[in-house]
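Below is one structure; the comments refer to it alone.
The values are calculated or read from the model by the stated rules, or taken from the named source; none is laboratory data. All figures in this text were calculated on a predicted structure; none of them were measured in a lab. Using ideal geometry, Cβ is built from the backbone for each residue, glycine included, and neighbour counts are taken over all protein chains shown. Only protein heavy atoms, including side chains, enter the accessible area calculation; ligands, DNA and RNA are left aside. Shrake-Rupley method; radii C 1.70, N 1.55, O 1.52, S 1.80 Å.
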Amino acid sequence: MNNKTLKNTVHNRWHLFALLVSFFTITGINAQTYWTDNFDNSNWRKNYDIGPGGNNFKFLSNGGYSKGGVQITVKKGSHHGGSFKWMLKENLGFEPEELYAEYRVKYDKSMNKFGGKAPGFDGTYGKAGWGNRPGKGVNGWSARGTLRTEGRSTVRNSFYVYHTNTGNNGKTWGDAVWWKKGGDMDYNKWYHVKQYIKLNTPGKSNGILKAWVNGKLVFERSNWNFRKVSDLKIYAYWFNYYNGGRDTAKKTGTLIVDDFKLYGPQGLTNGPAPKPVAEPKPKPQPQQKPTAPVASANNINFNQPKNGSNFKVNSSTNVIVELNNNNVKEVKLYVNNDYVGRQGSAPYRWINPKQLQNLKKGNYTLKAVATLKNNSKVEKTISISVGNTTPSKPSTSSNTITGTYYIKSIANGQNVISPSWDNYNVLMFNNGTFRDQQWSFEHIGNGLHKIKNVGTGRYLEVPHGDCDNRSNVSTWTNANNKHQQWIIEKNGKIVYFKPAHCTNKALDKTGKNGASVYLWSYSKSNKNQQFELVPVNGQKLISGNSNSITIYPNPVTDSEINMILTEYIGQAVSYSITNLEGKVIANGGFDAEHGNEESITLSQISNGIYLIQLSVNNQYRIIKKLIVDN
């Protein structure tokens, strides 16, 4: 080889090397494709955090947009279609502040009675920013989608946003901001949805939300304030189909999702990044097949913190879990039943998880759930405390209560209610005989009680074991922990309710009629903490399905609502419409000669959220949430 040929060869090789470097730089470094999933793999679930309604998912080997897909069913009488999240920090190692998402969806005609949540962005961290838990820019935010189909010929889309100002006007739920008509979808057709979010500079109103349907921009707004603190970022992308708040699904419906993508502001790559060529590996020698792992609580332990540990208020802790088993697929951590995150390999460590930072006074339950490679599960639960939280022994004035009662406020005569239409938050409401105002008391020993809502079957609790003034009160599916058990103090006919985990606080109705119930520092002289137990026995109770009067359209967009009264032919039906503070805005009724369907004109009612109460023959009442958006 002469010098010229050698020089050309070297030059060509350097040129090829430069091209390769450039190619790998563009596709491997600048590329911002975070995740793609065409749902062609029947084991798709392993890549997501599966929430409530997991049994409503069905893998389709064919029937997706291209091939495979995931069918989601919303069952009649249920809220949940299903929930699954792609967790950003767990998969990327960081949480972005700007994100694009794309997916394809096809709604079956059976979805024409759906009203509720849809996919979108999640910044809740399992703490706040959804489910009537305003984050106030500090604890969480979200920008999910919303669908409305009932009374419409198409599927209407919106964003449903919990932002910094959510809750400032006493309204604890999110704001629906509707997309343009170009975002409406026909049934049984595939649509391509693209969403974009850029979080605001903390404390400033410069956050951005955009949405496209089939390439057409249908929503854009650039003055959002999602957060006040820089710690809040984009926690996950959330596929969340939930029929609510109050009403469960009126019929069973299905939809299919496919072709999910997440990427950064620099856009998708043209195909996957190339994989480096690896040196051939020597053929592995045959090994003895490992014995099946044995699932036992003895296999899993908390190295940090230890069971029974006590921490100072405002301190923080890491979590380290050890397993005596080499066949672990993943370990998930929960704090007070809230999901924290998962680890796919040892060491199983959670460094400064948000749920265990700046700890507040109270008791905390930590649960680690390990999934082994044979899909068996092992779990371990421990308890820790913060501050001096040892529950005081019931005093001589504490009482044991059994039976079913209305919890009536001495201050205003309203009853404590925990309605499904307000995501089971506890609030005050004008007294009546419907079942979600009735509470069943069970004494479980040592002066402690479980208090169960008759209408929903859920138990009175202080979520997350909080122990601050204005801590929210709601209901949960069980009462196994101290923050779901209650000490009842009695003074004549007056009763006070203290949570067992935090006995220096008491149930407090706050100052407004119809407002939420909170915890507040216990004081016998505080009339907002004084209640009376009114026995249910002997009073006429609501019968039938509390959703048995159908009202549509809701939201109201044309100054008129229709009511289907087929089940109440021959019975007088009266109605009253109140605002959220209990003030009557309108009332009226229909005599026993009413037809199968009647209408109410709302032209004099301003836009907002109201409650409509319907009374049948003056014997029982039905309550529904009504949204006026003329």
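Among the residues of region 63-81, how many are in a loop (DSSP other than H, G, I, E, B) and open to solvent by 60 Å² or more (accessible area, probe 1.4 Å)? Here the count works out to 5.
Among N596, N526, N617, which is modelled with pLDDT of 80 or more, polar (S, T, N, Q) and surrounded by fewer than 16 Cβ atoms within 10 Å (Cβ to Cβ)? N526 is the lone residue from the list that is modelled with pLDDT of 80 or more, polar (S, T, N, Q) and surrounded by fewer than 16 Cβ atoms within 10 Å (Cβ to Cβ).
Scanning region 303-346 for residues that are outside any strand (DSSP E or B), under 12 Å from L366 (Cβ atoms) and open to solvent by 40 Å² or more (accessible area, probe 1.4 Å) turns up K306, N307, G308, N318, N337. Taking region 218-246 as the range and being in contact with a helix residue (DSSP H, G or I) (Cβ under 8 Å, 6 or more places away or on another chain) and in a strand (DSSP E or B) as the test, the residues that pass are V218, F219, A236, Y237. For region 161-168, indicate whether the set of residues that are at pLDDT below 90 and open to solvent by 30 Å² or more (accessible area, probe 1.4 Å) is non-empty. Yes, there is a match, as at least one residue in region 161-168 is at pLDDT below 90 and open to solvent by 30 Å² or more (accessible area, probe 1.4 Å).
When you scan region 484-512, how many residues do you find that are touching a Phe, Trp or Tyr at 6+ places or on another chain (Cβ under 9 Å) and either crowded, with 19+ Cβ neighbours inside 10 Å or in a loop (DSSP other than H, G, I, E, B) (or both)?
Here is the first cut: in region 484-512, the ones touching a Phe, Trp or Tyr at 6+ places or on another chain (Cβ under 9 Å) are 484-490, 494-500, 503-510.
Cutting the leftovers down to either crowded, with 19+ Cβ neighbours inside 10 Å or in a loop (DSSP other than H, G, I, E, B) (or both) gives us 484-489, 495-500, 503-510.
Here the count works out to 20.
Pairs linking a residue in region 411-429 that is under 26 Å from I494 (Cβ atoms) and in a loop (DSSP other than H, G, I, E, B) to a residue that is of a type in the set (A, V, I, L, M, F, W, C) and open to solvent by 10 Å² or more (accessible area, probe 1.4 Å), with Cβ atoms under 7 Å and 6 or more positions apart or on different chains, are Q414/F429. Against the test of being open to solvent by 60 Å² or more (accessible area, probe 1.4 Å) and touching a residue at least 12 places away in the same chain (Cβ under 8 Å), the options K228, K210, K194 yield a single qualifying residue, K228.
When you look at S548, is it at pLDDT below 85, outside any strand (DSSP E or B) and open to solvent by less than 40 Å² (accessible area, probe 1.4 Å), yes or no? It is true that S548 is at pLDDT below 85, outside any strand (DSSP E or B) and open to solvent by less than 40 Å² (accessible area, probe 1.4 Å). For residues that are at pLDDT 85 or above, touching an Asp or Glu at 6+ places or on another chain (Cβ under 9 Å) and not aromatic (F, W, Y), scanning just region 82-99, find the one that is farthest from F239 (Cα to Cα). Result: K89.
Residue-wise test of (1) modelled with pLDDT of 85 or more; (2) of a type in the set (F, W, Y); (3) touching a Lys or Arg at 6+ places or on another chain (Cβ under 8 Å); (4) open to solvent by 30 Å² or more (accessible area, probe 1.4 Å).
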residue	(1), (2), (3), (4)
W35	yes, yes, yes, yes
N41	yes, no, no, yes
S61	yes, no, yes, yes
A101	yes, no, yes, no
K109	yes, no, no, yes
G115	yes, no, yes, no
G120	yes, no, yes, no
G129	yes, no, no, no
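For region 572-593, the set of residues classified as at pLDDT 85 or above, open to solvent by 70 Å² or more (accessible area, probe 1.4 Å) and of a type outside the set (V, I, T) consists of N587 only.
Condition first: part of a loop (DSSP other than H, G, I, E, B), at pLDDT 90 or above, under 28 Å from G341 (Cβ atoms) and of a type in the set (F, W, Y). Can you find one or more residues in region 50-58 that meet it? Looking through region 50-58, none of the residues is part of a loop (DSSP other than H, G, I, E, B), at pLDDT 90 or above, under 28 Å from G341 (Cβ atoms) and of a type in the set (F, W, Y).
Of the residues examined, F84 is one that is out of contact with any Cys (no Cβ under 8 Å at 6 or more places or on another chain), surrounded by 21 or more Cβ atoms within 10 Å (Cβ to Cβ) and aromatic (F, W, Y). Of the residues making up region 232-246, one or more are open to solvent by 20 Å² or more (accessible area, probe 1.4 Å), under 29 Å from the mean Cα position of the chain (by Cα), over 30 Å from N375 (Cα atoms) and at pLDDT 95 or above.
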